[in-house]
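Structure, as structure tokens:
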Amino acid sequence: MKEDTAQVKVPIPIQDLWKAMAVDIGKTATTVLPDIVSEVELLEGDGRLGTILIFKFHPGLKSTHQKERIVEFDESRYQIALEILEGGHLDHGFSSYTTGFKLTAVGEAETLIDINVLYETKPEHIHVPGDTIKGTFLYIKCLENHLSNGIA
């Protein structure tokens, strides 16, 4: 497995960020990424460990959907990880792809996000280390903008 890691600090309280990223993940994805995600369907589970979600994308994007399973969910440590089971990155040169987030409070109004992407590429795929983090940064920036505007 290959790994890309990054850290980013956002001016959002940890409880608000956790709720948006983990507890309300389906609602958040369509609200924060309206030009990408058209719908999120809960296929299995209760939104916690083992839950399977399908993120449906708008027509015209490189993939039609991305099916993910929550493989880590620790509310007491503010950690969540999602493994792609089908579609999305797996349609574009990756044979496995898991993104993990660990949130740490920095004072009352800021949160440090540790990002960890574990992946394998298909033999014919040329991957630049660090590229896996770019989409995650976009998501976090959109999430930060959304939460900063007080739309929860």
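Which order do you get for 49, 17 if you rank them by accessible area with a 1.4 Å probe, largest at the top?
49, 17
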What angle, in degrees between 0 and 90 and rounded to the nearest 10, separates the Cα long axis of helix 131-148 from the longest principal axis of the Cα atoms of the chain? 30 degrees
Considering lysine pairs in region 1-78 that are 8 or more places apart or on different chains, how many have Cα atoms under 19 Å apart? 5
Which aspartates and glutamates have a Cα less than 12 Å from the Cα of residue 134, not counting those fewer than 8 places away in the same chain? 4
For region 84-113 and region 1-35, what is the separation of their Cα centres, given in Å? 8 Å
Could you list which residues have their amide H under 5 Å from that of residue 61, counting only those 5 or more apart in sequence or on another chain, with H placed in the peptide plane? none
Please get the size of the charge dipole for region 83-152, origin at its Cα centre, with Cβ charges of +1 on Lys and Arg and -1 on Asp and Glu, quoted in debye to the nearest 20. 100 debye
About the Cα centre, charge dipole magnitude for region 16-98 (Lys/Arg +1, Asp/Glu -1 at Cβ), debye: 120 debye
Show that you can apply the helix-only estimate: for the chain, add -39,500 (n - 2.57) for every DSSP H stretch of four or more residues, divide by all residues, and state [θ] at 222 nm to the nearest 500. -6000 deg cm²/dmol
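The values are calculated or read from the model by the stated rules, or taken from the named source; none is laboratory data. In this text the structure is predicted, and so the values were computed from the model without any measurement. As a convention, Cβ positions derive from the backbone with ideal geometry for all residues, glycine included, and neighbour counts pool all protein chains shown. Calculation scope for accessible area: heavy atoms of the full protein, side chains included, ligands and nucleic acids excluded. Shrake-Rupley method; radii C 1.70, N 1.55, O 1.52, S 1.80 Å.
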